[in-house]
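What follows is a short report on a single structure.
The values are calculated or read from the model by the stated rules, or taken from the named source; none is laboratory data. All figures in this text were calculated on a predicted structure; none of them were measured in a lab. Cβ: placed from backbone, ideal geometry, glycine included. Neighbour counts: every protein chain shown.
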Amino acid sequence: MKRFLMTTAITTTAFMATQASASQITVEMITEAQSKWAQGIVSIGDAKLNDRDYGAYAERLINELYDYDQSGVLFKPTKAKYDQFRETFDEAHSYFVTGVVNEDDGFAINPWTNVRFDNHDILVMDDIALAMGNYFFTTIDNQEVKVEYTFGYRLDESGDVKIVLHHSSLPYSE
């Protein structure tokens, strides 16, 4: 029953998205948000390498791009084994730079020199969009790490794109 209701809602919303409106999210807005996210991840690691306040960089990234203040965020990070979900701002911050979750080792302070999104597809539905694909993180020795992702975005009251769903995982291996 739940699956049917969700499918119906998406179909209805997708139909409504064909009518342009001032509050409609666009593919361009999503790719810009992805670029900001990628730059934010790189800047956190760069701050760590250069003895700057990398925690403040992570705080800025989360405040600017994630919707913890309004609608909340469904966040399942890549490297989370025991505490799989990050339900609060403090838990998301912990994942990126360490903190309140014991297993977190600071994903964003790795550091990464580049993050590249390869979108499989982006679905736009009025003020909501879903993006799925792979993103590639470049290490300081120029190796790429492939990670699979699904992100959900919404427009907030100010017209800013906010992440409301963040799920990522390492590719399946036998």
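Can you find a residue in the range 112-126 that is charged (D, E, K, R) and farther than 27 Å from Lys48 by Cβ?
Among the residues of the range 112-126, at least one is charged (D, E, K, R) and farther than 27 Å from Lys48 by Cβ, which makes the answer yes.
When both residues are 6+ apart or on different chains and their Cβ atoms are under 9 Å apart, which pairs have a first residue that lies in the range 152-174 and is farther than 18 Å from Ala131 by Cβ, and a second that is in a loop (DSSP other than H, G, I, E, B)?
Glu157/Gln70; Gly159/Ala22; Gly159/Ser23; Leu170/Thr78; Leu170/Lys79
State which residue is farthest from Val161 (Cα to Cα) when the search covers only the range 60-91 and only residues that are of a type in the set (A, V, I, L, M) and at pLDDT 95 or above.
Taking the range 60-91 and keeping what is of a type in the set (A, V, I, L, M), we get 61-62, 65, 73-74, 80.
If we keep only those that are at pLDDT 95 or above too, we end up with 61-62, 65, 73-74.
Details: Leu61: 13, Ile62: 12, Leu65: 7, Val73: 13, Leu74: 15 Å.
Only one residue fits best here, namely Leu74.
Output yes when any residue across the range 5-23 is over 15 Å from Trp112 (Cα atoms) and modelled with pLDDT of 85 or more, and no when none is.
No, every residue in the range 5-23 fails to be over 15 Å from Trp112 (Cα atoms) and modelled with pLDDT of 85 or more.
Kindly state which strands (runs of 3 or more DSSP E) lie completely within the range 37-143 and contain at least 2 residues that are more than 14 Å from Ser168 (Cβ to Cβ) and in contact (Cβ under 8 Å) with a residue 60 or more places away in the chain.
Values: elements: 74-76, 114-125, 128-138.
Filter on the range 37-143 gives 114-125, 128-138.
Which of (1) under 21 Å from Ser71 (Cα atoms); (2) part of a strand (DSSP E or B) is the odd one out, the single condition Gly159 does not satisfy?
(2)
Condition first: among the hydrophobic types (A, V, I, L, M, F, W, C), closer than 24 Å to Val164 by Cβ and touching a Pro at 6+ places or on another chain (Cβ under 9 Å). Now tell me which residues in the range 97-152 satisfy that.
Of the range 97-152, the ones among the hydrophobic types (A, V, I, L, M, F, W, C) are 97, 100-101, 107-109, 112, 115, 117, 122-125, 128-132, 136-137, 140, 145, 147, 151.
Right, trim to closer than 24 Å to Val164 by Cβ and you get 97, 100-101, 107-108, 112, 115, 117, 122-125, 128-132, 136-137, 147, 151.
Correct list: Phe107, Val147.
Only one of Ile109, Ile140 is surrounded by 14 or more Cβ atoms within 10 Å (Cβ to Cβ) and within 19 Å of Ile44 (Cα to Cα); which?
Ile109 is the lone residue from the list that is surrounded by 14 or more Cβ atoms within 10 Å (Cβ to Cβ) and within 19 Å of Ile44 (Cα to Cα).
Tally up the residues in the range 24-39 that are modelled with pLDDT of 95 or more and out of contact with any Leu (no Cβ under 7 Å at 6 or more places or on another chain), please.
11
What number of residues within the range 148-164 are of a type outside the set (Lys, Arg) and crowded, with 18+ Cβ neighbours inside 10 Å?
Selection size over the range 148-164: 8.
Filter the range 144-174 down to the residues that are of a type in the set (Ser, Thr, Tyr) and either touching a Ser or Thr at 6+ places or on another chain (Cβ under 8 Å) or at pLDDT 95 or above (or both) and list them by number.
Result: Tyr149, Thr150, Tyr153, Ser168, Ser169.
When only residues in the range 35-55 that are farther than 11 Å from Asn110 by Cβ and among the basic types (Lys, Arg) count, which is nearest to the chain's Cα centre (by Cα)?
Lys36
I'd like the residue in the range 144-156 that is in a strand (DSSP E or B) and acidic (Asp, Glu) and, out of all such residues, is farthest from Ser23 (Cα to Cα).
So the residue we want is Glu144.
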